[in-house]
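Working notes, beginning with the structure itself.
Only the coordinates and a few stated rules stand behind these numbers; no lab work does. Note that the structure is a prediction, hence the values are computed from the model and not measured. Glycine also receives a Cβ, built like all others from the backbone with ideal geometry; neighbour counts cover every protein chain displayed.
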């Protein structure tokens with residue numbers, strides 16, 4: 001048997017950058033479903049789950065976390081070179097994550113406040129998405145990701161088809177679950193109309209507004225969203241902070257927050 005025949009299964013690697021590991025844990029949490037996937041692939045690199053390491057190249061790389069250090073920049077370029085398909089998973093990898101709050105402030109001031117010897121740090125002034133540094137074949141959003149969407153994306157890309165992942169807003173999930181709109185019925189601020197579906201209608205189902213964990217939907221009308229939040233009594237600073245959450249550095253949310261700062265509402 002040749003070496004090519006022995007390596008019939010696609011090699012999959014899972015990488016971590018600046019993040020909380022939550023999206024990798026979502027993959028591990030697939031349990032029975034993961035066993036089925038594991039039978040069709042070879043997990044070559046996944047330090048969250050195993051110490052075994054198989055050298056690349058890799059057919060598929062899943063990348064969690066944002067780029068926050070000069071070392072991260074060099075490392076992601078090497079991973080891209082070794083990967084036939086590269087998928088970013090989670091808010092950190094697709095938008096910079098909660099750590100991208102540094103992008104709106106002075107990172108040196110943060111460092112002086114938190115660390116006794118900030119001079120030993122070697123960090124970038126910003127926290128940015130993987131796609132800002134290398135070509136990304138698909139982005140899977142969420143904080144954390146939806147594990148069933150992850151399985152669908154892996155299955156689709158390894159079989160040469162387009163992933164069946166929704167691009168509509170969170171409001172569709174509210175309707176499907178029969179959840180009454182918290183903005184209309186309770187006057188609770190909610191980013192659902194401009195947020196990508198994926199969480200399964202978690203917060204609104206418990207009388208809480210959506211915090212935008214899955215980032216901007218495909219065509220978000222943030223101008224209308226901002227106007228509605230203003231009519232509900234939120235001042236421009238509160239609206240700005242509302243956008244600057246887990247996906248605050250995603251282009252649509254970042255632009256909306258910057259517009260809030262510029263004008264009187």
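Ignoring solvent entirely, what values of log10 I(q)/I(0) come out of the Debye formula for the range 81-174 at 0.11 Å⁻¹ when each Cα is a single scatterer?
The Cα Debye sum returns log10 ratios of -0.47.
Against the longest principal axis of the chain, how steep is helix 251-262, in degrees 0 to 90 to the nearest 10, with axes from Cα atoms?
30 degrees
Considering only DSSP beta bridges where both residues belong to the chain, give the percentage that are antiparallel (nearest 5).
That works out to approximately 25 percent antiparallel.
Measure nothing but the geometry: give the 0 to 90° angle between the long axis through the Cα atoms of 147-158 and the longest principal axis through the Cα atoms of the chain, rounded to 10°.
Taking the Cα atoms of the chain, the angle to 147-158 is about 50 degrees.
Sort 18-25, 106-113, 228-235, 216-223 for me by packing, meaning the mean count of neighbouring Cβ atoms within 10 Å per residue, highest on top.
Packing proxy ranking, top to bottom: 18-25, 216-223, 228-235, 106-113.
Measure out, as a whole number of angstrom, how far apart the alpha-carbon centroids of the range 102-120 and the range 25-86 sit.
30 Å
Considering only DSSP beta bridges where both residues belong to the range 2-117, give the percentage that are antiparallel (nearest 5).
10 percent
Mind grabbing the base-10 log of I(q)/I(0) for the range 170-262 at q = 0.15 Å⁻¹? Debye formula, identical points on the C-alpha positions, no solvent, two decimal places.
-0.50
Determine Rg/Rh for the chain; Rg is computed over alpha-carbon atoms and Rh is the Kirkwood hydrodynamic estimate from the same atoms.
Ratio value, two decimals: 1.01.
Arranged by the count of other C-beta atoms within 10 angstrom, fewest first, what order do 161, 254 take?
Arranged by neighbour count, lowest to highest, 161, 254 become 161, 254.
Percent relative contact order of the range 103-227, based on C-alpha pairs within less than 8 angstrom and at least six residues apart?
Answer for the range 103-227 is 21 percent.
Report the Cα centroid-to-centroid distance between the range 140-176 and the range 199-236 in angstrom, as an integer.
Spelled out, the Cα-based centre of one part sits 20 Å from the other.
For Cα pairs less than 8 Å apart in space and 6+ apart in sequence, what is the mean separation divided by the residue count of the chain, i.e. the relative contact order in percent?
Answer for the chain is 16 percent.
Which order do the peptides 61-67, 162-168, 173-179 take when ranked by the mean count of other beta-carbon atoms within 10 Å per residue, highest first?
Averaged packing, sorted descending, gives the order 61-67, 173-179, 162-168.
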